[in-house]
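Enquirer: Take this structure first; my questions come after.
The values are calculated or read from the model by the stated rules, or taken from the named source; none is laboratory data. Computed from a predicted structure; not experimentally measured. Using ideal geometry, Cβ is built from the backbone for each residue, glycine included, and neighbour counts are taken over all protein chains shown.
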Amino acid sequence: MKKVTPILTLFLFAALASLPAFAQGPQPVRRLIYSLEAGEALLQPESAIFISATKENVILVLSKGKGGKNPPFFVVKNGNKKGPFNKLVEVMQAGFDGEDVSTGIYRDCADYTPDQSRIPPDAIPSAEADESGSQTVVFKGKTFGPYLSVLSLLATPDGSRAYFTASEKDKLWIICSDGRRVPIAGSPRDLRLSPDGKNAAVACAGSLSPSQEEKLAAEDPEKLNAEMNKAYVYTIDGKKFGPYGMDFKDFWFSDGNNNLFFLDGNQLYMNGIPTLTLKIEPFSLCDFYPSADGKKYAYFNVESLVFSDGKKYPFPLNIITFEEGEQTMIKWIALENKKDIVVYQRAI
């Protein structure tokens, strides 16, 4: 399931509402969706804000009653306002009838996680054990294996490929259903896929085979512990990065582009090449948006959306990134000036 972060707390809403419109400097593309009238309040759990690179689907449920949660209610949909309604169920029917969307205002996590719920039924992969305990992978009618064990298994949402890590005798592999098969070593951790489904990466602790780990555990546990504190990253196209030490934090494909990023301490790497030294504490993958060349970024905290050029903007209610030409574009919807719901777009 695609990771999302709900934005439903009054604290965050109050924080973003109190911000200035944005810092001085070059302005992004900005378009007003709706301005709250005096006494109107936005009901976040009941509204819905979805955006893509080319359009927005915004359904705003408003209250003009005492306390901001009581009737009369109104709905703004496709720029048209309807109401008043005396019951919440009435305004919800008026706003969402015929709409294939769920209520609530969410933002997608910035690191890419393939939505396994979208895989076509005939392309859902499975790992199956036989009587001997060995495992095989079944994907779109083809069988892969047997293996001693299948460690991780993911498919691309379009069902075109499956990726998995597996052990075979004293060897470990990262394997793709398209025939690519790359040896790895150590103890595999997470398996990550690129948004276009053509690349995959796995991080491993240490670089020993299973038998080497077992032998070293018996002979020199301290040496084994030192080895297991080293991190390596392998890709399905045969690349190996590392070793990195205990400061290795995470690795990911960023949503919106197909570059592989990983963070060792405060040093950001893109496709194995050092690109930025970050000064963001605490760092969250969900809240970090790098440019396609890895040299710029945007991130947000509880107060604002911040770009690496120093510009700050209102906290995003919803936010996406996408590639346009050779630039990484970032698009978001925010509340500013305590009343204006606007859509922004600019290059990172």
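Enquirer: Is it the case that some residue within the stretch 138-160 is part of a strand (DSSP E or B) and at positive phi?
Expert: Yes: one or more hits.
Enquirer: Out of the residues in the stretch 205-226 meeting the condition of being out of contact with any helix residue (DSSP H, G or I) (no Cβ under 8 Å at 6 or more places or on another chain) and not in a helix (DSSP H, G or I), tell me which one is farthest from Glu323 (Cα to Cα). Quick ask: steps written out before the conclusion?
Expert: Step one: filter the stretch 205-226 for residues out of contact with any helix residue (DSSP H, G or I) (no Cβ under 8 Å at 6 or more places or on another chain), giving 209-212, 214-215, 218-222, 225-226.
Filter once more, so that each one left must be not in a helix (DSSP H, G or I): 209, 220.
On the way: Ser209: 40, Asp220: 50 Å.
Restricting to residues being out of contact with any helix residue (DSSP H, G or I) (no Cβ under 8 Å at 6 or more places or on another chain) and not in a helix (DSSP H, G or I), the top hit is Asp220.
Enquirer: In the stretch 193-208, is there at least one residue being touching a strand residue (DSSP E or B) at 6+ places or on another chain (Cβ under 8 Å) and among the charged types (D, E, K, R)? First the steps, then the outcome.
Expert: Just the residues of the stretch 193-208 that are touching a strand residue (DSSP E or B) at 6+ places or on another chain (Cβ under 8 Å), to begin with: 193-195, 199-207.
Narrowing further to those that are among the charged types (D, E, K, R): none.
No, the conditions are met nowhere in the stretch 193-208.
Enquirer: Are any of the residues in the stretch 65-80 surrounded by fewer than 17 Cβ atoms within 10 Å (Cβ to Cβ), basic (Lys, Arg) and over 22 Å from Leu317 (Cβ atoms)? Even if it seems obvious, please write down each step before you answer.
Expert: Let us first name the residues in the stretch 65-80 that are surrounded by fewer than 17 Cβ atoms within 10 Å (Cβ to Cβ), namely 65-70, 72, 78-80.
Right, trim to basic (Lys, Arg) and you get 66, 69.
When the remaining residues are screened for being over 22 Å from Leu317 (Cβ atoms), the result is 66.
There is at least one residue in the stretch 65-80 that is surrounded by fewer than 17 Cβ atoms within 10 Å (Cβ to Cβ), basic (Lys, Arg) and over 22 Å from Leu317 (Cβ atoms).
Enquirer: Let me ask something else. Give the residue, chosen from Pro146, Pro183, Pro188, that is touching a Cys at 6+ places or on another chain (Cβ under 6 Å) and either of a type in the set (Val, Ile, Thr) or over 30 Å from Leu60 (Cβ atoms) (or both).
Expert: Pro188
Enquirer: So which residues in the stretch 238-265 are over 23 Å from the mean Cα position of the chain (by Cα), more than 22 Å from Ser291 (Cβ to Cβ) and outside any strand (DSSP E or B), if there are any at all?
Expert: The initial filter retains those residues of the stretch 238-265 that are over 23 Å from the mean Cα position of the chain (by Cα), namely 238-240, 242-246.
Add one more test, that the residue is more than 22 Å from Ser291 (Cβ to Cβ), and what stays is 238, 240, 242-246.
The answer is Gly238, Gly245, Met246.
Enquirer: Which condition number in (1) touching a strand residue (DSSP E or B) at 6+ places or on another chain (Cβ under 6 Å); (2) surrounded by fewer than 19 Cβ atoms within 10 Å (Cβ to Cβ); (3) not acidic (Asp, Glu) is the one that Ala162 fails?
Expert: Among (1) touching a strand residue (DSSP E or B) at 6+ places or on another chain (Cβ under 6 Å); (2) surrounded by fewer than 19 Cβ atoms within 10 Å (Cβ to Cβ); (3) not acidic (Asp, Glu), the lone unmet condition for Ala162 is (2).
Enquirer: Okay, moving on. Which residue out of Arg118, Arg161 is within 29 Å of the chain's Cα centre (by Cα) and either of a type in the set (Gly, Ala, Ser) or at pLDDT below 95 (or both)?
Expert: The unique qualifying residue is Arg118.
Enquirer: Quickly run through the stretch 251-305 and pick out the residues that are of a type in the set (Asp, Glu) and out of contact with any helix residue (DSSP H, G or I) (no Cβ under 6 Å at 6 or more places or on another chain).
Expert: Restricting attention to the stretch 251-305, the residues satisfying the condition of being of a type in the set (Asp, Glu) are 255, 264, 281, 287, 293, 303.
Matches in the stretch 251-305: Asp255, Asp264, Glu281, Asp287, Asp293.
Enquirer: Scan the stretch 185-199 residue by residue and report those that are without any contact (Cβ under 8 Å) to a residue 60 or more places away in the chain, crowded, with 20+ Cβ neighbours inside 10 Å and not in a loop (DSSP other than H, G, I, E, B).
Expert: The answer is Pro188, and nothing else.
Enquirer: Return the only residue of Val29, Val61 being at pLDDT 50 or above and either farther than 22 Å from Gln93 by Cβ or of a type in the set (S, T, N, Q) (or both).
Expert: Numbers: Val61 fails: either farther than 22 Å from Gln93 by Cβ or of a type in the set (S, T, N, Q) (or both).
The match here is Val29.
Enquirer: OK, next. On the given criteria, is Thr235 over 27 Å from Lys198 (Cβ atoms), at pLDDT 90 or above and not charged (D, E, K, R)? Break it down stepwise before answering.
Expert: Working: over 27 Å from Lys198 (Cβ atoms): no; at pLDDT 90 or above: yes; not charged (D, E, K, R): yes.
No, not satisfied.
Enquirer: Among Lys82, Lys87, Lys77, which is the only one that is modelled with pLDDT of 90 or more and in contact with a helix residue (DSSP H, G or I) (Cβ under 6 Å, 6 or more places away or on another chain)? Outline the logic, then answer.
Expert: Values: Lys87 fails: in contact with a helix residue (DSSP H, G or I) (Cβ under 6 Å, 6 or more places away or on another chain); Lys77 fails: modelled with pLDDT of 90 or more.
Just one listed residue meets the conditions, Lys82.
Enquirer: On to the next question. Check the stretch 263-286 and report whether any residue there is closer than 21 Å to Gln345 by Cβ and not β-branched (Val, Ile, Thr).
Expert: The answer is yes; a qualifying residue exists.
Enquirer: While we're looking at this one, here's another question. Is it the case that Asp247 is of a type in the set (D, E, K, R) and surrounded by 18 or more Cβ atoms within 10 Å (Cβ to Cβ)? Before you say what the answer is, go through the steps one by one.
Expert: On the way: of a type in the set (D, E, K, R): yes; surrounded by 18 or more Cβ atoms within 10 Å (Cβ to Cβ): no.
Answer is no for this residue.
Enquirer: With respect to the numbered conditions (1) under 18 Å from the mean Cα position of the chain (by Cα); (2) surrounded by 14 or more Cβ atoms within 10 Å (Cβ to Cβ); (3) not in a strand (DSSP E or B), which one is the sole condition not fulfilled by Val202?
Expert: (3)
Enquirer: Let me ask something else about it. What is the one condition in (1) among the small types (Gly, Ala, Ser); (2) farther than 22 Å from Arg107 by Cβ; (3) out of contact with any Lys or Arg (no Cβ under 9 Å at 6 or more places or on another chain) that Ala292 does not satisfy?
Expert: If we test Ala292 against (1) among the small types (Gly, Ala, Ser); (2) farther than 22 Å from Arg107 by Cβ; (3) out of contact with any Lys or Arg (no Cβ under 9 Å at 6 or more places or on another chain), just (2) comes out false.
Enquirer: So is Leu268 in a helix (DSSP H, G or I) and without any contact (Cβ under 8 Å) to a residue 40 or more places away in the chain or not?
Expert: Values: in a helix (DSSP H, G or I): no; without any contact (Cβ under 8 Å) to a residue 40 or more places away in the chain: yes.
Criteria not met by Leu268.
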